[in-house]
Ligand SMILES: NC(=O)c1ccc[n+]([C@@H]2O[C@H](COP(=O)([O-])OP(=O)(O)OC[C@H]3O[C@@H](n4cnc5c(N)ncnc54)[C@H](OP(=O)(O)O)[C@@H]3O)[C@@H](O)[C@H]2O)c1
């Protein structure tokens, strides 16, 4: 079953499930991305900092991927948030990915010393040049999101933040979604740690699914985008098998009540 899309504030559609690629590098990255494309993934989450965009670019070329049918996200690292540095890093991203544009460009982390207005001015230039179809932010708080929204005439389409069953950031989600900034849940499986959770195990058994699948489904039913990283065939397949079944309201409530990890 194909992945449903969410329409972003830019008017472009993003597949609600993507493949996370952090920690995938070199030949392993190429093998995993190639297999994911064969299995039907159409959305890849990458970043300059992951040092794998050259591998992704090579595999897309080798398999003759239809660029228009893919959704690729990249992110500008916090060393490059000044106007000229952002433009330079963008050139490197496009060169490595061997593409003329990314579908979504994010500020990877809020800047420590650089006002967001300066980075977003560069994003506007990138957008006007057709090098990014949509723009967004990552790891931004409510206040930082509002400042970014006020800093540009372009819509801030997504905020990519850590979000999983034990890190349920409902206030941030409600605020962002009320302003048409869709949350993308990064680290949606708590890097694999959730598979042992008892509530997840119970709900998973009721559906004949795995705890990881239920953890992802809970996020999807909260209208978020999810980008689990997987490198094994079994995990790649499991994470695609999320769209022809539903969690009931009572199950969603039980999962909502799972205690958060202490910060
Ligand atoms: N914006 C940011 O600052 C930021 C920060 C962190 C992450 N991210 C993005 O979010 C993506 C996901 O986060 P993450 O990679 O940190 O962690 P994650 O997706 O929460 O967890 C990945 C781990 O879960 C395992 N896994 C995957 N599918 C599974 C399944 N169905 N059942 C059981 N285990 C499963 C993987 O194993 P195998 O590899 O063995 O299959 C891997 O060990 C990253 O790759 C990156 O693209 C963004």
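The values are calculated or read from the model by the stated rules, or taken from the named source; none is laboratory data. These numbers come from a predicted model, not from an experiment. Here Cβ is always computed from backbone atoms with ideal geometry, including for glycine, and neighbour counts include all displayed protein chains.
Points worth noting:
- Looking only at region 150-170, residues that are within 19 Å of the chain's Cα centre (by Cα) and either buried (at least 18 other Cβ atoms within 10 Å of the Cβ) or part of a loop (DSSP other than H, G, I, E, B) (or both) come to 13 in all.
- One residue stands out in region 171-212 among those that are on the phi > 0 side of the Ramachandran plot and part of a loop (DSSP other than H, G, I, E, B): the one that is farthest from the ligand (Cβ to nearest atom), namely 180.
- Boolean, residue 36 is within 12 Å of the ligand (Cβ to nearest atom) and either closer than 25 Å to residue 177 by Cβ or within 17 Å of the chain's Cα centre (by Cα) (or both): yes
- Answer residue from region 223-246, given it is in contact with a helix residue (DSSP H, G or I) (Cβ under 9 Å, 6 or more places away or on another chain) and away from the ligand (no atom under 16 Å from the Cβ) and is nearest to residue 39 (Cα to Cα) among those: 246
- Contact annotation: residue pairs with Cβ atoms under 8 Å, 6 or more positions apart or on different chains, pairing a residue in region 1-15 that is without any contact (Cβ under 8 Å) to a residue 24 or more places away in the chain with a partner that is outside any strand (DSSP E or B), are 5/16.
- Being part of a loop (DSSP other than H, G, I, E, B) and modelled with pLDDT of 95 or more is a property that residue 130 has.
- Of all the numbered requirements in (1) within 15 Å of the ligand (Cβ to nearest atom); (2) under 18 Å from residue 242 (Cβ atoms); (3) exposed (fewer than 15 other Cβ atoms within 10 Å of the Cβ), residue 43 misses one, and that requirement is (3).
- Within region 229-246, the set of residues being within 16 Å of the chain's Cα centre (by Cα) and either surrounded by fewer than 19 Cβ atoms within 10 Å (Cβ to Cβ) or under 16 Å from residue 4 (Cα atoms) (or both) comprises 239, 240.
- Each residue in region 23-58 was checked for being part of a loop (DSSP other than H, G, I, E, B), touching a residue at least 60 places away in the same chain (Cβ under 8 Å) and in contact with a helix residue (DSSP H, G or I) (Cβ under 9 Å, 6 or more places away or on another chain), and 4 pass.
- Flag if residue 93 is within 11 Å of the ligand (Cβ to nearest atom), under 23 Å from residue 158 (Cα atoms) and touching a residue at least 12 places away in the same chain (Cβ under 8 Å): no
- Only a single criterion out of (1) surrounded by fewer than 20 Cβ atoms within 10 Å (Cβ to Cβ); (2) within 11 Å of residue 86 (Cβ to Cβ) is not satisfied by residue 122, namely (1).
- Considering only residues in region 59-83 that are over 24 Å from residue 239 (Cα atoms) and in contact with a helix residue (DSSP H, G or I) (Cβ under 8 Å, 6 or more places away or on another chain), the one that is surrounded by the most Cβ atoms within 10 Å (Cβ to Cβ) turns out to be 76.
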